[in-house]
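We did not get these values from a lab; they are worked out from the coordinates using the rules stated. The shown structure was predicted, so the numbers you read here are calculated from the model rather than taken from an experiment. With ideal geometry, Cβ positions are generated from the backbone for all residues, glycine too; neighbour counts draw on all protein chains shown.
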């Protein structure tokens, strides 16, 4: 997933809000989880979340999500975020890494077993 933060996503100094980045990480992590669950998932845990570098308005963020563990109803996903900064020279830096757990849910939003692979 790729996205560029806008001025509304940042404070008056142009630093992007951590909560905005967290929301984007949750969306990125839900994509492979939804595919593996073949349907609806809900975030049940943020196992770890580390901000390594600041993110600025105008940075192009790339989110890389990978399933690292599958349980009976749950899927744990690792998400890494890289920022492509185009100041005087283009620079790519890792800005965030996180691990989230999702659970597959049914139409009543109750947990359900994952389908076989």
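If R₀ is 22 angstrom, what is the calculated FRET efficiency for the pair residue 64 and residue 107, using the beta carbon separation as r and rounding to 0.05? The formula returns an efficiency of 0.10 here. Placing dummy labels 7 Å off each Cα toward the beta-carbon, the span from residue 23 to residue 117 is 3.5 nm. Using C-alpha pairs under 8 Å with a sequence gap of at least 6, the mean separation divided by the residue count of the chain gives a relative contact order of 30 percent. Computing FRET efficiency as 1/(1 + (r/R0)^6) for residue 11 and residue 47, where r is the C-beta to C-beta distance and R0 is 30 Å, gives about 0.65. The C-alpha atoms of the chain define a longest principal axis, and helix 18-37 lies at about 30 degrees to it.
The label point for residue 34 and the one for residue 89, both projected 7 Å from the Cα toward the Cβ, are 3.9 nm apart. Across every direction, the projection of the convex hull enclosing the Cα atoms of the chain has a mean area of 7.8 nm². Just 93, 77, 103 to compare: in a GNM of the chain, with alpha carbon springs under 10 Å, which one fluctuates most? Among 93, 77, 103, the largest GNM mean-square fluctuation belongs to 93. Where only DSSP H runs of four or more residues are counted, the chain gives -6000 deg cm²/dmol as its mean residue ellipticity at 222 nm, each run worth -39500 (n - 2.57). Within the listed set 40, 72, 87, the Gaussian network model of the chain (springs between alpha-carbon atoms below 10 Å) gives the highest mean-square fluctuation for 87.
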